[in-house]
Each structure stands twice: as C-alpha cells, then as structure tokens.
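Report on one structure; see the data block that follows.
The values are calculated or read from the model by the stated rules, or taken from the named source; none is laboratory data. Bear in mind that the values here come from a model prediction, so they are computed numbers and not experimental data. As a convention, Cβ positions derive from the backbone with ideal geometry for all residues, glycine included, and neighbour counts pool all protein chains shown. Areas reflect the complete protein model, heavy atoms only, side chains present, ligands, DNA and RNA absent. Shrake-Rupley method; radii C 1.70, N 1.55, O 1.52, S 1.80 Å.
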Amino acid sequence: MKKPLLSAAVLLLAAALCVVSLASDFRAMQEREPIYPGPGVTSVRMLSDWFPGIYGTPGDTEVYILEGKKPGSAMLVLGGTHANEPSGMLAATLLVENAQPEEGTLYVITHTNQTGFTCTDPQEAAPMRFTIDTPAGPRWFRYGSRASNPIYQWPDPEIYVHASSGQQLSGSETRNLNRAYPGRPDGTLTEKIAYAITELIRTEKIAVEVDLHEASPEYPTINAIVAHENAMGLASDSLINMQLEGMDISLEPSPKNLHGLSHREIGDFTDAYALLMETSNPAQGRLRGRTDEHLVVTGQDKFYLKAFGYGRLYVPYDENGHPISQRVARHVTGIAAFANSYTEMNLGGERGGINLGTLPGYEELESDIGPYLCPKA
Ligand SMILES: [Zn+2]
C-alpha cells in the first residue's frame, strides 16, 4: 500500500513543479526589454489611441512621437513588424533613444506586432533573447516570431483570405501583420493592428512610412528598398545618397498583385509614400546551422559561408557574417536618407520637410551600435 502512495506523491510533486516552471516560463515569455525614450521624444501614446478596438488587447503597443522644433511633414517608422527580424526593432529603438528632429514630426513604433515578441516560431530553435554590448554594460532584447502569438489568435483557418483583395494564402499567414494591411476594424487581432496603423497614417497625415524588415541571405529581395509606385521617385533619390554613404542597396517596385503588404496597401489606401527596407539576417534563413544568440548578433554561420561559395546567396558573405550593427546602420541610414530626399525634393510643399537632426552616420553605426543603445538608469 505504501509504495503506490509514495509514487503518487512523487508524481503529484513533479506535476506541481512542472506547473510552477511553466508559469514562470510563461511570465518570462511575456516580459519585454525596457525602452529609454531620449530627449527628442515629446510624447508617448498607445496605438489604440488611433483605433480603440485594440485597447486593452495584447496587440496594443507604444507609439513614440518626436516633434521637431519647427513644424513640417510627418514620418512613421515601423520596427518589429516581424519579431524574428531584430534589426528593425533595434533601429527603431535607436531612433527613439537618440533622434532629435529639427523639422517635422517622427512617429516610431518599436514593437509593431507586439504579440510576436511574446513567442518564438515552433521548431526553429530560436533564442528568446539576445544581448547587445554597450559601454554601460550588456543590454538584452527579445527575439520573437514572424507572426502574432497564436495564444491570442487561434485557430488559423486552412486558407487565409486577404479581406480587401480576396487573395488566398496559407492559413498561418492569417497571423502575419505584413499580409494584413490595410486591416479591418472587425477582423482578427492582426487585422485590427494593421487597421490601427492605417488609421494613424490617415489621421496624422503621415507623409513617409518606412517598414523595417530582414530577410534570409538566400532570399532575392534583400539589402533592398521596396517602394510603392508613388514612392519610386523618393526612393531612387534616397538610394543614391545611401550608396554615396558606402551602402550597397537596390530598389524594387512593390508588386501590384501581391496584397496585404505595407508597401502595397499603405500606398494604395493612404496618401503616404510607402517604403520597406530589407537587410540580411542569417538567423532566420533556412540554410543556417546552430541557432543561438551569437548567430542573431553576429550573423556568422559556417553553412552560409559554404552556400556563398556555391553561389547560392543574394548577398556577399564572408567569415565576418552580417553583424547586427551593420544591419541597424543600414536601416538608420535609409530612414535619414528618405527624410533628406523628401525635404530636398520639396515633396511636402507648404507643409514643410522632415529633418531628423544629427544622427550617427553609416560607418559609425556599422562599427558599433552599442554606444547608441546604452541602458539608462
Ligand atoms: Zn519581414
């Protein structure tokens, strides 16, 4: 009699320990790194201010507003649309903590698909966090999923039908924010977030919208700007300036028959110049080996080196990898170039231009983003 009782007690204890450890894992998954708004931030609002339908949901997220000294046009930067493409979120964070616009208003969302930062993609072995070395010590950030967290939007349908075009995609794309634009007020959580962003763009008369992404080194749209046809003039002028800064980048038109993407729908449904930037992130690629924090930060992987040797990549690749400092440098340089070209081309007319003030240059950021991401007390 005693033995079964003992076994039952051991089993119960083990189950209780499992529950406790799962609960603490779950709490850790929900935890997000702090952001330290810099001197340029004039107010912080929530995305639900533009669409109350997401108020109180896990999809609501901070919108940092940096009003310049002089009135002008408005720009919106979206970081963290895909939470497994960390340089977008980091570049947006760097702007929030360092930019001091002179003219116009900069809106920045660092964690655009907030719930994507509360999980990782199944079977990808991705780390939950990574660390950037700064002069004030190491600073951690979340690494997340390409899609909204399924605990907040489930189940996925067999087929995802994009609402305004009727385009059909695989069911899991239902949770991909960059297939949900222009969004729907009565749709899924992901569609509601897209709708809130579209509302912000319309209400605040955003003139330039930039969505920051990364891609696998074996994917053809990489180290590139993707521009809506209305934004091609602005993008090509900016591209020349980026290349003059020493950054090799290409320009691709947004395909007219590919729906739900920010560079297509924001261009079609609002007055903003819709732009998207891609850098190279080996940690999300299919050819990668060991997937850990080191790969996220350095982009160094022996299998990508091999693949480059076989001519299988769309970007140059050597043993230095694709470090995150370089990827963030590309995004920040691109954003500054878009603002400069917008102003130089006088696209704002009487509304005025966008001057983001002095931002660190490409080479400076490429060598180390740490000094611009110091955690503050
Ligand atoms: Zn992406």
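Miscellaneous remarks
- In the chain, helices alone account for a calculated mean residue ellipticity at 222 nm of -10000 deg cm²/dmol, with every DSSP H run of four or more residues adding -39,500 (n - 2.57).
- For segment 32-372, size of Cβ-based charge dipole, Lys and Arg +1, Asp and Glu -1, in debye: 560 debye
- Rounded to the nearest 10 degrees, the inclination of helix 324-344 to the longest alpha-carbon principal axis of the chain is 30 degrees.
- Residues GLU293 and VAL10, FRET efficiency given R0 of 35 Å [Cβ-Cβ distance, rounded to 0.05]: 0.45
- A crude spin-label estimate for the pair LYS302 and LYS70, with each label 7 Å from Cα along the Cβ direction, gives 5.6 nm.
- Full-stretch length increase - ILE159, TYR36 - with 0.36 nm per residue and alpha-carbon distance subtracted: 40.2 nm
- Rounded tilt (10° steps) of 86-98 against the dominant C-alpha axis of the chain: 60 degrees
- Applying both filters, DSSP loop and at most 13 other Cβ atoms within 10 Å, to the GluC sites (Glu not before Pro) of segment 282-362 gives GLU319.
- Debye equation applied to the C-alpha atoms of segment 101-251, log10 I(q)/I(0) at 0.08, 0.13 Å⁻¹: -0.30, -0.82
- Amide H contacts of LEU251 (H built 1.01 Å from N, under 5 Å, at least 5 apart or other chain): ILE225
- Binned Cα-Cα distances of segment 42-125, short to long, each 5 Å bin given as a whole percent: 3, 15, 22, 22, 17, 11, 6, 2, 1, 0
- Stokes-Einstein diffusion of segment 212-281 at 25 °C, 0.890 mPa s viscosity, Kirkwood radius from Cα pairs, rounded to a whole number: 199 µm²/s.
- Looking at segment 327-377, the trypsin sites (Lys or Arg not before Pro) that sit in a DSSP loop and have at most 15 other Cβ atoms within 10 Å of their own Cβ are LYS376.
- Orientation-averaged projection of segment 32-372 equals 15.8 nm² [convex hull of Cα atoms, one quarter of hull surface area].
- Computed over every Cα-Cα pair of segment 172-242 and binned at 10 Å starting from 0, the pair-distance distribution P(r) comes out as 17, 37, 35, 10, 0 percent.
- Think of the chain as having a plus end and a minus end, set by charges on the Cβ of Lys, Arg, Asp and Glu; of PRO282, SER172, LEU244, SER172 sits farthest toward the positive end of this dipole.
- Across all directions, the average projected area of the convex hull around the alpha carbons of segment 288-372 is 7.5 nm².
- Amide proton proximity set for SER280, modelled H, under 5 Å, gap of 5+: ALA215, ASN223
- With all protein chains kept in place, the per residue accessible area of segment 32-372 amounts to 39 square angstrom at a probe of 1.4 angstrom.
- Rolling a 1.4 Å probe over the protein heavy atoms of segment 32-372, with every protein chain left in place, gives an accessible area that is 50 percent carbon and sulfur.
- Distances between placed amide hydrogens fall under 5 Å for GLY72 paired with GLY104, THR105, all partners being 5 or more residues away or on another chain.
- Acute angle (nearest 10 degrees) that the helix 189-203 long axis makes with the longest principal axis of the chain, alpha-carbon atoms: 20 degrees
- Segment 291-324: trypsin sites (Lys or Arg not before Pro) in DSSP loop, at most 16 other beta carbons within 10 Å: ARG312
- Straight-distance crosslink candidates among lysines, where the alpha carbon sits under 30 Å from LYS70 and sequence neighbours closer than 8 are dropped: LYS205, LYS376
- Residue-span extension gain [ASP186 to CYS374] - 0.36 nm each, minus C-alpha spacing: 63.7 nm
- Top positive-direction residue, dipole computed over the chain with Cβ charges, set PRO71, TYR372, PRO52: PRO52
- Additional length obtainable on full extension of the chain from LEU251 to THR131, 0.36 nm per residue less Cα span: 40.1 nm
- Remark: segment 238-377 carries a charge dipole of roughly 540 debye about the Cα centre, counting +1 on each Lys and Arg Cβ and -1 on each Asp and Glu Cβ.
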